[in-house]
């Protein structure tokens, strides 16, 4: 039984089910919009509907919160696929669990902050502002995680 990495298989299965579910919901939503939405002209800047972009980014924030919950709850053992993987965290299980729990918390907080900011952003906001509000807090969470990991 030691040869079968059960927690990693379960984590990969959960991520795959969530990804398939989001993809199914995405396609179902597009099918309901009808043909008119598919034939609508795109903006010259490579755009599309700004509200659709905002909805996708908020959905991505929800997915990040879901992915960070197992990290917070110390359910993810040291592995090579999922978690905050650095040389220090992979060398010690104690550091792995502490660093991953911290990253799970700050990633969740950053994702909630990003989603909140994206929802209150005015509809006429520039595209760069939408992307900045999405990536800014997430980048901050990653930087904080590296700072925390270096102090362990």
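Summary table
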quantity	calculated
Test: residue in the range 133-146 that is closer than 17 Å to residue 59 by Cα, free of Cβ contacts under 8 Å to residues at least 24 places away in the same chain and surrounded by fewer than 18 Cβ atoms within 10 Å (Cβ to Cβ)	yes
Residues satisfying the stated conditions in the range 87-105, i.e. farther than 12 Å from residue 146 by Cα and crowded, with 22+ Cβ neighbours inside 10 Å	96, 104
Check on residue 26, surrounded by 11 or more Cβ atoms within 10 Å (Cβ to Cβ) and at pLDDT below 90	yes
The range 123-132: number of residues that are exposed (fewer than 13 other Cβ atoms within 10 Å of the Cβ) and not in a helix (DSSP H, G or I)	3
Condition met for residue 120 (exposed (fewer than 14 other Cβ atoms within 10 Å of the Cβ), more than 21 Å from residue 98 (Cα to Cα) and out of contact with any helix residue (DSSP H, G or I) (no Cβ under 6 Å at 6 or more places or on another chain))	yes
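The values are calculated or read from the model by the stated rules, or taken from the named source; none is laboratory data. What you see is a predicted model, and the numbers here were worked out from it, not measured in a lab. Every residue, glycine among them, receives a Cβ derived from its backbone with ideal geometry; neighbour counts consider all protein chains shown.
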